[in-house]
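**Student:** This is the structure I want to talk about, given as structure tokens.
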Amino acid sequence: MQLNRGSLFERIKGLACLGLCAGTVLAMSGAQTAHAVVAVATFSPALSVPVAPVPAGFDITGFIQEATLDSTGAICNPTNPRLAGGTVTLNGQKIVIPCNTVLQMPAGTLSWADLFNPGKGLAPTAIAPVGQTGLALGDLLGSTYGATIAATAPGLLSFKMRSDSSSALQTRSNASLPSYEIRVLGNVVNGRSIAGLVFISQQSLNAGQGRVSCIDYASGEMQVGGVPTDPSDGKACPVPAAVGVARVRLSDSIGRFGKRHAAVGKCAGAVNCVEEAGLDARFASDTDNPTVHATTGYPMCVARLNPFTAGVDPLCPQSNRPVAPACKSFPSTSGIPPFAAQTSGYCTTFIMDLPGAKATAGLSCPGPGCPTDPTRQAPIQIGDTIVFQGTLKSDANGFYVSAHTVAVNLGIYTQPNSKPAYVFVQEVLAGTAALPVAGLAQETTERVKFVGFTTDPTNLVDLYALDQDPLTGVVSERLLSTQSPMSNAQLGRFRTPTNNGGIFLPPTRNYRAVSRTLCADLPAGPFTNCLLEANGSAARNTFANGLIAGQFSLPNFDFVFPENLVFGQWLVPNNFQDLPFLYCGSGPLDGPGTSSPVVGQLDPAPWGVPMQSPIFSSSLCPAAKQVSAPLKFPKVVGAADTVAIFNATWDNKNGMGKINIKATSSVSPASVGMFMTATISNSSMTPTAPGGIDNPIVAELVQLANTAAEPTLCPTSAPCWNLSAPGFIIDPGFGPFPPSLVPPTTIVVRSSRGGTATVTGTAIKQIACVSTLKFTCP
């Protein structure tokens, strides 16, 4: 977002004048003769504040001021203590955290209760005292870590002695280190602010960038900025680091991308393990995906040995960083132009050799002079430019960043149509496509957005939503889109079009990108073989120290909820009930097949009347508590009104499958509380399927009226009622045909004043219809 600097300056100048100019006026008036007070008329009594007709949505970001865990059942009664709720206060606002809330951390998930038990392999009070998170402004740091910080920067800290028997030295978490950021999306239901989605980080937009100037191979620490050192002299990095130089360590709890990092006393004599007093596993790297990577997605690492003085790290060989001019390009048969020639330094853009490429006779590989090996990671070198994100920590040598994500500015590719290839997803976004509620005009979207890279640009990349069984947690992939990494300005980048269309609903918590290079060595067959390779052939596709190549899975941090179209109206609610993992649950907390507690529906729910139950509720989780009963039509006294449908269209341009309905009533102006609904179905569907005749889609219409600015909203001068929303009727497909959106065959509009109107068949206009064997276009 860009700011209008001129207008911003004027606003600041105006605010300053509120104080300075007021002082001038007071001084002038003080110098004048006093005047008598003149009586003026007063305003009539203040208007009472009406009750909101819908649960108003909110999206709040701020520091965690206070976090509490509900251990008494005052908020909700969880099926297991790990699923308990609580409250969080930010910006002075207290928000209820429901039972079954799953928090999204920077590179993983936790339940709310797990946030208060940061043990996860640590001593229980190493990071925070029992009953606290160590993340809130009012929390205390644990004795071990607090003492470490105290030794680092005693002049910056405020201490507090614990009153319990431990009497350990404590320090407030907001003293020398910052507090933690929380973003909460929710709705105000019956006067209570209730969370639906929660994201926690130290600072979500915080990132560092610079050139690596030194690598301490003993601790796995990189120094960023300053004068580059020579690693071949065997000298350690400057301690403490020079002024203006950042210290970066990988928050890698298993040693995927370098040495393993553990809490004090947890290495237990293991080699290639570094102990850190402030290590917090809640903010660890995602070690199932290449989160330490080159720009193209190739997995990177910090070598466990100094390759210039101590030998070869076979998991992170120096031979995977070729030196110019030996920077190879794609073979000419690929159609990809050669890379720009490089005459010195480490290669910055190059293609790896084929797996098992023969070395010169007599060489022991991996080692000096060996071919590059795409089955192993590539080491970060002094001089590389990196972008790092993580958590600011402190030890005896000062501050450092415990990084969960590191991107290295390199273009490393793999051979065309040859395993392994690697994938990285940079961004994902999903719209929630809410149905209208309480007649409020709103803007919604159901589009998805992917941006990512692959090391094999010659193969397509399939993009999936990951649906989860609410009881077992078993994941099933739903194909959303297929993109080419050859059709972008940056070689290897794939991204969805801006106005893409397709069957993207319902939104899911997690998404996945899969390169078709995964099935390059299989007989010709459907593209789904690549997905089978990613899921069922892990042993055949595990490379780079345990990573499953050719795929990248990630959570979505950006759901697009509805927005008001009319300023000043009640804020439309966030339609959390249309997210299955919130409404139905998502299975065992620790993943499918584990004995961990099953995550169920949010309780208390961040939804309520007059919001509608989701269309998948009857099939996916019929036992779940419904949002509300269907709209109750009042008993009509006297003659019913006359309803006319002026437009009924199924618009499938770009695969959107939107339904547009416009209707009028003979009652004009509309009476107070009057409403209309549309019942939408397809007679060729299985009757009980969503959209079938026994399970139709029901949506509320929005009241509109012509204005001077928009005189053609309604076909007459009387108010009209409008519905513009996704159709949601999905043919599940059969044989070679994938799922597809299908048009309604019957639309019934019903008024709360008793009138009805029906359109069927060809009276429902179809635009850009896509036919299948089961449904034909007129």
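**Student:** Would you tally the residues in the range 69-88 being open to solvent by 20 Å² or more (accessible area, probe 1.4 Å), in contact (Cβ under 8 Å) with a residue 24 or more places away in the chain and over 18 Å from Val598 (Cα atoms)?
**Tutor:** Residues meeting the conditions: 2.
**Student:** Another question, if that's okay. The conditions are (1) open to solvent by 10 Å² or more (accessible area, probe 1.4 Å); (2) among the hydroxyl-bearing types (Ser, Thr, Tyr); (3) more than 17 Å from the chain's Cα centre (by Cα), and Thr445 fails exactly one of them. Which is it?
**Tutor:** (3)
**Student:** While we're here: Does Thr348 meet the test of being open to solvent by 50 Å² or more (accessible area, probe 1.4 Å) and out of contact with any strand residue (DSSP E or B) (no Cβ under 8 Å at 6 or more places or on another chain)?
**Tutor:** no
**Student:** Sort out which residues of the range 601-650 are at pLDDT below 85, over 24 Å from Gly673 (Cα atoms) and hydrophobic (A, V, I, L, M, F, W, C), and write them in order of number.
**Tutor:** Selection gives Ile615, Phe616.
**Student:** Out of all the residues in the range 594-638, which are in a loop (DSSP other than H, G, I, E, B), small (Gly, Ala, Ser) and touching a residue at least 24 places away in the same chain (Cβ under 8 Å)?
**Tutor:** Across the range 594-638, the qualifying residues are Ser596, Gly600, Ala605, Gly608, Ser613, Ala624.
**Student:** Just give me the residues in the range 712-726 being surrounded by fewer than 21 Cβ atoms within 10 Å (Cβ to Cβ) and either over 23 Å from Asp651 (Cα atoms) or at pLDDT below 75 (or both), in sequence order.
**Tutor:** Passing the criteria: Thr716, Ser717, Ala718, Pro719.
**Student:** Right, something else. Tell me the residue from Gly585, Gly550, Gly546 that is open to solvent by 10 Å² or more (accessible area, probe 1.4 Å) and in contact (Cβ under 8 Å) with a residue 40 or more places away in the chain, please.
**Tutor:** Unique residue meeting the criteria: Gly546.
**Student:** Please work out which one of (1) within 23 Å of Asn722 (Cβ to Cβ); (2) without any contact (Cβ under 8 Å) to a residue 40 or more places away in the chain; (3) open to solvent by less than 60 Å² (accessible area, probe 1.4 Å) is the condition Gly692 fails and give its number.
**Tutor:** Looking at each condition in turn, Gly692 falls short on (1).
**Student:** Only one of these is part of a loop (DSSP other than H, G, I, E, B), touching a Ser or Thr at 6+ places or on another chain (Cβ under 6 Å) and under 19 Å from Cys519 (Cβ atoms): Ala421, Ala433. Name it.
**Tutor:** Ala421
**Student:** So, in the range 639-689, of the ones that are outside any loop (DSSP other than H, G, I, E, B), under 13 Å from Thr746 (Cβ atoms) and not hydroxyl-bearing (Ser, Thr, Tyr), which residue ends up most open to solvent (accessible area, probe 1.4 Å)?
**Tutor:** That would be Ile645.
**Student:** Residue by residue through the range 57-68, note down the ones that are at pLDDT below 95 and open to solvent by 20 Å² or more (accessible area, probe 1.4 Å).
**Tutor:** Within the range 57-68, Phe63, Gln65, Glu66, Thr68 qualify.
**Student:** Still on this structure: Please determine whether any residue of the range 237-253 is under 30 Å from Thr458 (Cα atoms), part of a loop (DSSP other than H, G, I, E, B) and open to solvent by less than 40 Å² (accessible area, probe 1.4 Å).
**Tutor:** There is no residue in the range 237-253 that is under 30 Å from Thr458 (Cα atoms), part of a loop (DSSP other than H, G, I, E, B) and open to solvent by less than 40 Å² (accessible area, probe 1.4 Å).
**Student:** Now for a different question. Looking at (1) β-branched (Val, Ile, Thr); (2) open to solvent by 30 Å² or more (accessible area, probe 1.4 Å); (3) at pLDDT below 85, which is the only condition Ile697 fails?
**Tutor:** (2)
**Student:** Also: If you take the residues in the range 460-492 that are touching a strand residue (DSSP E or B) at 6+ places or on another chain (Cβ under 6 Å), part of a loop (DSSP other than H, G, I, E, B) and open to solvent by less than 20 Å² (accessible area, probe 1.4 Å), which one is nearest to Leu582 (Cα to Cα)?
**Tutor:** So the residue we want is Gly473.
**Student:** Just give me the residues in the range 660-674 being modelled with pLDDT under 85 and either among the polar types (S, T, N, Q) or under 36 Å from the mean Cα position of the chain (by Cα) (or both), in sequence order.
**Tutor:** Ser668, Ser671
**Student:** If you go through the range 563-593, how many residues are in contact with a Gly (Cβ under 8 Å, 6 or more places away or on another chain) and part of a strand (DSSP E or B)?
**Tutor:** Residues meeting the conditions: 2.
**Student:** For Asp373, state whether it is of a type in the set (D, E, K, R), within 20 Å of Ala303 (Cα to Cα) and in contact with a Cys (Cβ under 9 Å, 6 or more places away or on another chain).
**Tutor:** Against the criterion (of a type in the set (D, E, K, R), within 20 Å of Ala303 (Cα to Cα) and in contact with a Cys (Cβ under 9 Å, 6 or more places away or on another chain)), Asp373 qualifies.
**Student:** Among residues belonging to the range 394-417 that are in contact with a helix residue (DSSP H, G or I) (Cβ under 7 Å, 6 or more places away or on another chain) and either of a type in the set (A, V, I, L, M) or not in a strand (DSSP E or B) (or both), point out the one that is surrounded by the most Cβ atoms within 10 Å (Cβ to Cβ).
**Tutor:** Pro416
**Student:** Give, as residue ranges, the strands (runs of 3 or more DSSP E) completely inside the range 256-327 that count at least 3 residues that are within 21 Å of Asn409 (Cα to Cα) and either open to solvent by 20 Å² or more (accessible area, probe 1.4 Å) or of a type outside the set (Ser, Thr, Tyr) (or both).
**Tutor:** Passing ranges, in order: 292-294.
The values are calculated or read from the model by the stated rules, or taken from the named source; none is laboratory data. Values in this document were obtained by computation on a predicted structure and should not be read as measured data. For neighbour counting, all protein chains shown are included, and Cβ atoms are generated from backbone atoms with ideal geometry for every residue, glycine included. Ligands, DNA and RNA are stripped out before the accessible areas are found, and what is left, the full protein with its side chains, is counted by its heavy atoms. Shrake-Rupley method; radii C 1.70, N 1.55, O 1.52, S 1.80 Å.
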